[in-house]
Amino acid sequence: SKSLSDEENLKLFGKCNNPNGHGHNYKVIVTVRGEIDPVSGMVINLTDLKEYMQEAIMEPLDHKNLDKDVPYFAEVVSTTENVAVFIWENLKKLLPTGTLYKVKVYETDQNVVVYKGEETI
């Protein structure tokens with residue numbers, strides 16, 4: 001985080017605070033919801049969903065240094081939580097309104113973030 005000193009970053013982020021960066025092989029699961037089309041038997045065509053995921057996730061993030069190559073993360077700390085928000089926001093623009101239900105991002109098998117968008121009251 002640019003808002004913290006080197007010592008504070010080390011204390012907060014531990015081994016993930018590497019001045020030369022570090023990598024992850026994230027796994028992403030996208031869940032959609034909605035009415036099932038009686039003809040296709042699907043909420044959304046999986047071929048279309050795959051294309052949306054390619055555009056919203058793979059093209060901007062795959063094999064990238066998030067902090068250096070993805071403009072969004074120039075000002076946002078590249079935590080798994082914020083990666084999930086980034087993916088949600090990108091997918092939400094592409095998917096039919098109301099179909100995106102959940103984005104689940106695995107940083108490791110034990111570190112998982114689930115994001116369902118901002119809740120409004």
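The values are calculated or read from the model by the stated rules, or taken from the named source; none is laboratory data. Here the structure is a predicted model, which means the values were calculated and not measured. No Cβ is skipped: glycine too gets one built from the backbone with ideal geometry, and neighbour counts run over all protein chains shown. Heads up: the accessible areas ignore ligands, DNA and RNA and are worked out on the full protein's heavy atoms, side chains in. Shrake-Rupley method; radii C 1.70, N 1.55, O 1.52, S 1.80 Å.
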Give the Rg/Rh ratio for the chain, taking Rg as the radius of gyration of the Cα atoms and Rh as the Kirkwood radius, to two decimals. 1.03
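Rank-order 83-91, 109-117 by packing density, defined as the average count of other C-beta atoms within 10 Å over each peptide's residues, highest first.
Ranking, from highest mean packing down: 83-91, 109-117.
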The set of residues whose placed amide H lies less than 5 Å from the amide H of M42, leaving out same-chain residues fewer than 5 positions away, is D37
Quick calc: nm separation of the 7 Å Cα→Cβ label points for E7 and I36 -> 6.0 nm
Express in nm, to one decimal, how much length is gained between Y101 and K68 on full extension, taking 0.36 nm for each residue of separation and deducting their alpha carbon distance. 8.9 nm
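Return the calculated 222 nm mean residue ellipticity for the chain, to the nearest 500 deg cm²/dmol, obtained by summing -39500 (n - 2.57) across DSSP H runs with n ≥ 4 and dividing by the residue count. Walk me through the intermediate numbers first.
Values: 4 runs with 35 residues, N = 121.
When only DSSP H runs of four or more count, the value is -8000 deg cm²/dmol.
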For the chain, which whole-number percentage of the solvent-accessible area (1.4 Å probe, protein heavy atoms only) is attributable to carbon and sulfur atoms? 50 percent
